[in-house]
Number of protein chains: 2
Amino acid sequence: MAVATKRSFMLDEQGCDVSEWDAGNCPVRDVIERISGKWSTLILEALAEKPYRFGELRRLVPDISQRMLTQTLRDLQRDGYIDRKVFPTKPPSVEYSMTALGHSLFEPLLKVLQWAAANHHSVKAARARYDESDMA
Amino acid sequence: MAVATKRSFMLDEQGCDVSEWDAGNCPVRDVIERISGKWSTLILEALAEKPYRFGELRRLVPDISQRMLTQTLRDLQRDGYIDRKVFPTKPPSVEYSMTALGHSLFEPLLKVLQWAAANHHSVKAARARYDESDMA
DNA sequence: TATCCCTAGTCTCTTTTTGAGACCATAAAT
DNA sequence: ATTTATGGTCTCAAAAAGAGACTAGGGATA
């Protein structure tokens, strides 16, 4: 990485200047706070593959509550990452699919997920070290 | 992206098989849940630039509470992303710095932050569309 | 000298968020 | 007649986060 010369070192001028990191005026925070929930990446990871229906997602992520699944899907839809289509069957079924914006976000996001998969052992090791030291 | 043929389509076999997404056995979730907090990326972004002391970080992220700053720093330290060094001055000062593992994580993470900076307008637009439609 | 501020936190109290589970209508299958 | 499935909403309890007081010891200020 290049040497940092100014505060907002790695983001362009639209980015988040460290000296003005208040919630309101930071675009990065505005975007990140939505996708950094406990469930968001999980849902995005699923829908990046193919569209799913509500119940399918629920079964895919067994330990999410219906309440949080609903809310997470709403939030992701509101920010434009996923689409919600209702089919007027009886009972009506609902299909969630990833938008172009969602796929575009998922590209860099996938890199992080891959990093997580590749470096899980290092993190576990660090955790074990921490817990066995007197820091714990 | 290549066509997905199996469930854990984009992660290697150490990754997170969608059919076994329970919290316990998914390495990706284990790693992601830590760095996906409201404050984690903010702190990582700061420390990626250079080491900072507790009070400096607090001033950098004005709306974090001391309580959450302490906790976030502890979590990041436990997972091996940052180092905590105490200087026995009076009063003692504490410096937080990013480890090699932290920098390695920050590389893909930066891509996401850059995406956020670049696409903030699209997200805002999507939000406005959603809020003005009858979905809200 | 009395007061205040600085350091990096912790402790308590309140508010917000999340989780668990019941409940909804409708229609088909058992 | 009861169960199953659809995609949710509603309520209540539990967990997490936010606000602010408090700590100690030394330096600066009044």
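So here's what we get for this one:
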{"item": "Distribution of pairwise C-alpha distances over segment A:27-135, 5 Å bins, in %", "result": "2, 10, 19, 20, 16, 12, 8, 6, 3, 2, 1, 0, 0"}
{"item": "5 angstrom amide H check on A:ILE82, placed H, neighbours 5+ away", "result": "A:GLN77, A:THR99"}
{"item": "Relative contact order [Cα under 8 Å, 6+ residues apart], segment A:27-135, whole percent", "result": "25 percent"}
{"item": "Rounded to whole Hz, the Karplus (6.51, -1.76, 1.60) HN-Hα couplings of segment A:97-105, x for glycine and proline", "result": "9, 7, 7, 4, 4, x, 4, 5, 5"}
{"item": "Cα gyration tensor of segment A:36-75 - equivalent ellipsoid semi-axes, whole Å, descending", "result": "13, 12, 9"}
{"item": "Amide hydrogen neighbours beyond the local backbone of B:VAL94, cut-off 5 Å, H modeled", "result": "B:PHE54, B:PHE87"}
{"item": "Residue mean of other protein chain beta carbons inside 10 Å, B:34-45", "result": "5"}
{"item": "Partner chain coverage, peptide A:99-109 - average Cβ within 10 angstrom", "result": "4"}
{"item": "Which listed pairs, of A:LYS50/A:LYS85; B:LYS85/B:LYS111; A:LYS38/B:LYS50, have C-alpha distances above 18 Å, in listed order", "result": "B:LYS85/B:LYS111; A:LYS38/B:LYS50"}
{"item": "Neighbouring partner chain Cβ atoms per residue of B:76-87, average, 10 Å criterion", "result": "3"}
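FYI, it's all coordinate maths here, none of it is from the lab. Quick caveat, the model's predicted, so the values are computed rather than measured. Ideal geometry is used to build each Cβ from the backbone, glycine not excepted, and the neighbour counts take in all protein chains shown.
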